[in-house]
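What follows is calculated from the coordinates using simple rules that are stated; it is not laboratory data. On a predicted model such as this, the values are computed, not experimentally measured, just so you know. Every residue, glycine as well, gets a Cβ built from its backbone with ideal geometry; the counts of neighbours run over all protein chains shown.
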Amino acid sequence: MRLNARQIEYVEPTHRPALRAVEVVMSEHEPVLAPELVSLLAPEPGQTAVDCTFGGGGHARQVAELIGPAGTLIGIDRDPAAKERFNRFAAEVPCRTLFISSDFAAGLRALQGEGIRPDMVYVDLGMSSMQVDARERGFSYSYDAPLDMRMDTRQEFTAANLVNEWPEARIAKVLRRFGEERHAGGIAREIVRRRPLATTGELVEAIKAGMPASARFGAGHPAKRSFQAIRIAVNGELEALAEALPLAWQQLKLGGRFAAISFHSLEDRPVKQFLAEKARGCVCPPELPVCVCGHEPEAELLTRRAISPSPEEAESNPRSRSAHLRAARKIAEAQPVGETG
Ligand SMILES: C[S@@+](CC[C@H](N)C(=O)[O-])C[C@H]1O[C@@H](n2cnc3c(N)ncnc32)[C@H](O)[C@@H]1O
């Protein structure tokens, strides 16, 4: 996908923020694992950072302060509402800024086309609290709203299309795969039986009716897993992540750092596997007594195990509870095929 000029915007640094303005922006979305992320990225003056999921700019603000006036902060977000927040942010931080209003995989490809090699790239996956709190966007099972759930409101496909047009078996597969919902079959059947569904309230009722009574009163809201699953499918979240990981890694400068915060195992697993693969040295079959491949690791893992929020953060910001942070440093460029050993 080629991005047009309206989707990419450079802003020169202007002045440092008035404290009040910073407080207002920070209160919009409390960044998760922020000190941990910043410490792993270790931003230095003059560096270039790519925040693939700008959201409310909570992480970006901390990074921007550290890279300072000689640094460049590139923000990407597929939600058009993030652009206005970015414009405010750009006027307040000391560094040069650039915003790309697109999916992060497309944004990373655009940066690659420009030959930009960042010192750090990071993602903070999932929805922002602003998206959940914007009732009319239909992300929350707590408010009755149109069935939407699009992060990028320029996209045509919505949750209404999914629940009203997809075959029952495909809906069940989505609920099972992306929501790990045990009652996927019953819920999909009930959704199809009640079509057309127009609102999140109607969807919640269908979900409840599609599960046994005992399951409706378990831990958490009965629609939580199904909403997560439908949102992931509407936004193609796992495909975007799978596409972005190698792009982000390729673009990093040697010595650059990559970090990812994920909120469920479907996101954490591909990040973990990707980084483990990059950190792997010898790829010889295990039955060979000595290494003949000469393959060198490209990554040094900065987190052997994923970092979780402290009990204090989990208490003060419930959204952080399921967060997992992983990071790695690029220690070698990929070896061209056939040039190992
Ligand atoms: C959890 S929030 C990020 C919050 C941000 N780190 C902060 O401190 O405010 C996730 C953001 O990423 C965006 N997003 C999610 N998936 C995306 C994708 N594939 N491409 C671009 N943006 C994405 C969402 O629109 C949302 O604004």
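Annotations
- Charges were assigned to the Cβ only: +1 to each Lys and Arg, -1 to each Asp and Glu. The resulting dipole of the stretch 194-310 about its Cα centre is roughly 540 debye.
- When only the Cβ of Lys, Arg, Asp and Glu is charged (+1, +1, -1, -1), the dipole of the stretch 156-234 relative to its Cα centre reaches about 260 debye.
- Within a straight-line Cα-Cα reach of under 16 Å, residue 208 can be paired with the following lysines, leaving aside sequence neighbours fewer than 8 residues apart in one chain: 224.
- More than 22 angstrom apart: percent of Cα pairs within the stretch 163-319: 58
- Each of 127, 120 has some number of other Cβ atoms within 10 Å of its Cβ, and from fewest to most they run 127, 120.
- Per residue convex hull volume, Cα atoms of the chain, in Å³: 162
- Viscosity 1.306 mPa s, temperature 10 °C, Stokes-Einstein D of the stretch 156-234 from Kirkwood C-alpha radius, µm²/s: 132
- Measuring between their Cα centroids, the stretch 248-320 and the stretch 143-175 lie 32 Å from each other.
- Listed by chain and number, the lysines whose alpha-carbon sits under 22 Å from that of residue 330, ignoring those within fewer than 8 places in the same chain, are 253, 272, 278.
- Shape parameters for the stretch 100-207, alpha-carbon atoms, Rg then Dmax in Å: 17.0, 52
- Cα-only radius of gyration and Dmax that characterise the stretch 33-92, units Å: 11.0, 30
- The fewest-to-most ranking of 141, 122 by surrounding Cβ atoms within 10 Å reads 141, 122.
- Per-residue Cβ neighbour rank within 10 angstrom, fewest leading, 295, 324: 295, 324
- On Cα atoms only, tilt of 81-92 relative to the major axis of the chain in degrees: 40
- Taken about its Cα centre, the chain carries a charge dipole of roughly 740 debye when the Cβ of each Lys and Arg holds +1 and the Cβ of each Asp and Glu holds -1.
- The C-alpha atoms of the chain define a longest principal axis, and helix 265-278 lies at about 20 degrees to it.
- Gaussian network model of the chain, springs between alpha carbon atoms under 10 Å - residue of 132, 123, 292 with greatest fluctuation: 292
- The chain - share of DSSP beta bridges that are antiparallel (%, nearest 5): 45
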